[in-house]
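Trainee: This is the structure I want to talk about, given as structure tokens.
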Amino acid sequence: MKKIHFAYVCAALLLVACNNDSKTAAATGTPASGNAISAVTQKNLDAMHVVNKAFETGDTGGIDSVVADNFVDHTDKGLMNRDSLKVMIKMMAADKTMKMVTIKELADDEYVFALMRYTGTGDGVMMPPGPYDMQSMEVVKFSNGKAVEHWAYMEMGEVAKMMANMPGPDKMKTPEAGKKK
């Protein structure tokens with residue numbers, strides 16, 4: 001159960017890079033010579049920002065336009081697709097304590113890399129119970145302006161902190177637990 005929960009947490013962290021609209025050389029990976037980024041790179045960054053906004057608001061209306069039908073999330077053994085991403089977005093947006101900050105974005109015509117910081121107070125459903133403060137490197141591959149693959153990487157110390165705070169399977173909350181039967 002811990003592995004499944006961890007996989008969903010990693011998946012949730014996947015396309016999150018909030019409030020970073022700057023297009024400076026440092027933020028986008030543009031050469032220091034000041035050359036403008038390509039239209040394809042800009043389209044990839046814009047697509048990433050649409051997904052980021054969805055994680056902030058819970059509105060998945062724009063996801064189909066920026067995430068491919070055959071999207072694969074490698075953080076969940078390749079089982080997460082575009083529809084399960086939408087479910088994850090809604091679940092993550094329900095946590096009003098979570099704050100996501102983009103530390104750095106780098107992009108080219110094929111990939112967007114975002115170093116992210118996540119803080120908040122988990123309720124044991126999507127994040128461990130209690131306060132958390134962690135970082136992750138999100139890597140998204142694009143094709144024709146749509147996200148097609150995702151990977152997320154965390155330092156082992158971050159993973160260990162997160163797992164240490166997770167309840168055992170018998171005490172883990174699920175979204176269904178609060179529903180009346």
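The values are calculated or read from the model by the stated rules, or taken from the named source; none is laboratory data. Since this is a predicted model, take the numbers as computed values, not measurements. Positions of Cβ are backbone-derived with ideal geometry, glycine not excepted, and every protein chain shown enters the neighbour counts. With ligands, DNA and RNA removed, areas are computed over all heavy atoms of the protein, side chains included. Shrake-Rupley method; radii C 1.70, N 1.55, O 1.52, S 1.80 Å.
Trainee: Hey, can you tell me all the residues within region 67-98 that are part of a loop (DSSP other than H, G, I, E, B) and either buried (at least 21 other Cβ atoms within 10 Å of the Cβ) or of a type outside the set (Asp, Glu) (or both)? Walk me through how you get there before you give the answer.
Mentor: Keep residues of region 67-98 that are part of a loop (DSSP other than H, G, I, E, B), which gives 77-79, 81, 94-98.
Those that are part of a loop (DSSP other than H, G, I, E, B) and either buried (at least 21 other Cβ atoms within 10 Å of the Cβ) or of a type outside the set (Asp, Glu) (or both): Lys77, Gly78, Leu79, Asn81, Ala94, Lys96, Thr97, Met98.
Trainee: Also: Please verify whether Asn52 is in a helix (DSSP H, G or I) and under 13 Å from the mean Cα position of the chain (by Cα), treating the condition exactly as stated.
Mentor: So Asn52 passes the test.
Trainee: Regarding Asp64, is this residue part of a loop (DSSP other than H, G, I, E, B), touching a helix residue (DSSP H, G or I) at 6+ places or on another chain (Cβ under 8 Å) and open to solvent by 40 Å² or more (accessible area, probe 1.4 Å)? Give the derivation first.
Mentor: Details: part of a loop (DSSP other than H, G, I, E, B): no; touching a helix residue (DSSP H, G or I) at 6+ places or on another chain (Cβ under 8 Å): yes; open to solvent by 40 Å² or more (accessible area, probe 1.4 Å): yes.
Criteria not met by Asp64.
Trainee: Within region 104-118, how many residues turn out to be in contact with a Phe, Trp or Tyr (Cβ under 9 Å, 6 or more places away or on another chain) and open to solvent by less than 10 Å² (accessible area, probe 1.4 Å)? Quick ask: steps written out before the conclusion?
Mentor: Step one: list which residues in region 104-118 are in contact with a Phe, Trp or Tyr (Cβ under 9 Å, 6 or more places away or on another chain), which gives 104-107, 109-112, 118.
Right, trim to open to solvent by less than 10 Å² (accessible area, probe 1.4 Å) and you get 105, 112, 118.
Count: 3.
Trainee: Moving on to the next point. Take Met156 and tell me if it is modelled with pLDDT under 90 and open to solvent by 40 Å² or more (accessible area, probe 1.4 Å).
Mentor: yes
Trainee: Need pairs with beta-carbon distance below 7 Å; first residue under 18 Å from Val148 (Cα atoms) and in a strand (DSSP E or B) and within region 99-121, second aliphatic (A, V, I, L, M) and open to solvent by 60 Å² or more (accessible area, probe 1.4 Å); sequence gap 6+ or separate chains.
Mentor: Phe113/Leu106; Phe113/Met137
Trainee: Here is a follow-up. Which residue out of Val101, Val72, Val112 is closer than 14 Å to Val51 by Cβ and of a type in the set (Val, Ile, Thr)? Step through it out loud before you land on a result.
Mentor: Values: Val101 fails: closer than 14 Å to Val51 by Cβ; Val72 fails: closer than 14 Å to Val51 by Cβ.
When all the criteria are applied, what remains is Val112.
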